[in-house]
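See structure below.
Every number here is computed from the coordinates shown, using simple stated rules; none is lab data. Remember, it's a predicted structure, so these values are computed and weren't measured experimentally. Note: ideal-geometry Cβ built from the backbone for every residue, glycine included; neighbour counts use all protein chains shown.
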Amino acid sequence: MSNWLNFIAAAVAASAPLLFGTLGEILTEKSGNLNLGVEGMMFMGGVAGIAGSYCYELAAGSGYNGWISALVAVICAFGAGMFGALLYSVLTVSLRVNQNVAGLALTIFGTGFGNFFGEVLGNAAGGFVSVGERTKAVFNGVTGLDGPGKLLFSYNFMVYLGLVLAVVLAWFLNSSRKGLNLRSVGESPATADAAGINVTRYKYLATCLGGGICGLGGMYIVMATQGGTWVHNCINGKGWIAVALVIFATWSPLRALVGSLVFGGLSVMRFYFPFGGNIYAPIYDIAPYIATVLVLIAVSIRQRRESQPPNSLGLAYFREER
């Protein structure tokens, strides 16, 4: 029983970066923009988060505050993700470049951006870059809890932030006027434009804010999963899983909670339910990606309207053709 409790707690912690990536992409796609650059924005957020925290610690000296360092990491990661999404928005919304090509380009750019500046930081720090122990403690969560307490209160603040963000985003999209306007932009930008909604503004804001949320997922991987140390290629495909989870969740922030938990559990299962020794270890590595393919097949078979994407997803809007 204790092993199961530990497994569930680890699955929740591992689901957080996937949840941030999925929520960011849901917000983006609700505006009609298909941004396949989630992986790149997570890389950018990850390296910006650790860079901001590391530079703050150097400037503050030995008296640095761990919580302030963590806040700096969050702000830098969010800003870097927004910057990547802004580049995408300029290309797709203003210049009307093909969204698939722009998203893939952002993934390549963001991956190179993260690995390059991660290596630069590491060389400047003397081999590798790592934040201080007080900052690491903020992202480690609470230890020493058992039973229900471990399941509910043992996580770092980013896990709870992801849960709150999912609930707020669900309310925003389903119950607020701005959220309904955003959904109308994603479904029919011409109709929304005729009703007086600024389509360009909504697309820019939703895409940039969604990119910032994706950046938080990358920062979580670096600061929590990797223990506050930059590791080359540390995102390792999590952004692509997040893109698939958007379809699994059928563009619902609340269902994204379930999807990210399932995939988070698959990613840590090897540590709690090992079998076959090293021979079968690669099976655990490919399990999340096999599940991704199965999810895409299952969702494509279901032809219900609520499981379909926004009508204008991936299509450029030409106002003069309205």
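For segment 225-301, taking Cα atoms only, what is the radius of gyration to one decimal and the Dmax to the nearest whole Å?
Rg and Dmax of segment 225-301, Cα atoms, are 13.9, 42 Å.
For the chain, what does the helix formula give at 222 nm: sum of -39500 (n - 2.57) over DSSP H segments with n ≥ 4, over the residue count, nearest 500 deg cm²/dmol?
-23000 deg cm²/dmol
Counting every Cα pair in segment 156-247, what percent are over 15 Å apart?
Result for the distance tail: 70 percent.
For segment 46-52, what does the Karplus curve 6.51 cos²θ - 1.76 cosθ + 1.60, with θ = phi - 60°, yield as ³J(HN,Hα) per residue in whole Hz, taken in order and with x for Gly and Pro?
x, 6, 5, x, 6, 5, x
Express in % the proportion of alpha carbon pairs of segment 197-238 at distances exceeding 11 Å.
Summing the P(r) of segment 197-238 above 11 Å gives 67 percent of all pairs.
So what are the ³J(HN,Hα) numbers for segment 32-43, from phi and the Karplus equation (6.51, -1.76, 1.60; θ = phi - 60°), rounded to whole Hz, Gly and Pro as x?
x, 8, 9, 9, 8, x, 4, 4, x, 5, 5, 4
Using only alpha-carbon positions, what ratio does the radius of gyration of segment 1-108 give when scaled by 2.2 N^0.38 Å?
Normalised Rg, Cα atoms only: 1.33.
Taking amide H positions as placed 1.01 Å from N in the peptide plane, with prolines and chain starts having none, which residues 5 or more places from LEU36, or on another chain, fall under 5 Å of its amide H?
Here GLY103, LEU104 satisfy the definition.
Would you list which lysines come within 20 Å of LYS136, measuring only between C-alpha atoms, while excluding same-chain residues fewer than 8 positions from it?
LYS150
At 0.36 nm per residue, and after removing the present C-alpha to C-alpha distance, how many nm does the segment from ASP285 to VAL142 gain when stretched out fully?
Full extension from ASP285 to VAL142 adds 48.7 nm.
Per residue, what volume in Å³ does the convex hull of the Cα atoms of segment 27-80 enclose?
Value for segment 27-80: 64 Å³ per residue.
Specify the angular offset, from 0 to 90 degrees and rounded to the nearest 10, of the alpha carbon long axis of helix 281-301 from the longest principal axis of the alpha carbons in the chain.
Tilt of helix 281-301: around 20 degrees.
How large are Rg and Dmax for segment 93-240 when only the alpha carbon atoms are used, in Å?
Spelled out, the Cα radius of gyration and Dmax of segment 93-240 are 19.7, 58 Å.
What distance in nm lies between label points placed 7 Å from Cα along the C-beta direction at VAL120 and CYS55?
Taking the simple label geometry, VAL120 and CYS55 are separated by 1.0 nm.
Placing +1 at every Lys and Arg Cβ and -1 at every Asp and Glu Cβ, with all other atoms neutral, what dipole size does the chain have around its Cα centre, in debye to the nearest 20?
Dipole magnitude for the chain comes out near 660 debye.
Take the alpha-carbon centre of segment 213-278, take the same for segment 1-74, and report the distance between them in whole Å.
Taking the Cα centre of each part, segment 213-278 and segment 1-74 sit 11 Å apart.
Using a Förster distance of 41 Å, how high is the FRET efficiency between ASN100 and THR229, based on the Cβ-Cβ distance and rounded to 0.05?
0.75
Taking only the C-alpha atoms, wrap a convex hull around segment 38-164 and report its volume per residue in Å³ as a whole number.
135 Å³
Sticking with the crude label model, points 7 Å out along Cα→Cβ, report the distance from GLN308 to ILE68 in nm, one decimal please.
It works out to 5.4 nm between the two label points.
Over the Cα atoms of segment 106-190, compute the convex hull volume and normalise it per residue, giving Å³.
Considering the Cα atoms of segment 106-190, their hull volume per residue is 185 Å³.
Roughly how tilted is helix 177-187, in degrees to the nearest 10 and between 0 and 90, from the longest Cα axis of the chain?
With rounding to tens, the tilt is 70 degrees.
Calculate the FRET efficiency for TRP4 and GLU133 from the Cβ-Cβ distance with a Förster distance of 35 Å, rounded to the nearest 0.05.
The calculated FRET efficiency here is 0.65.
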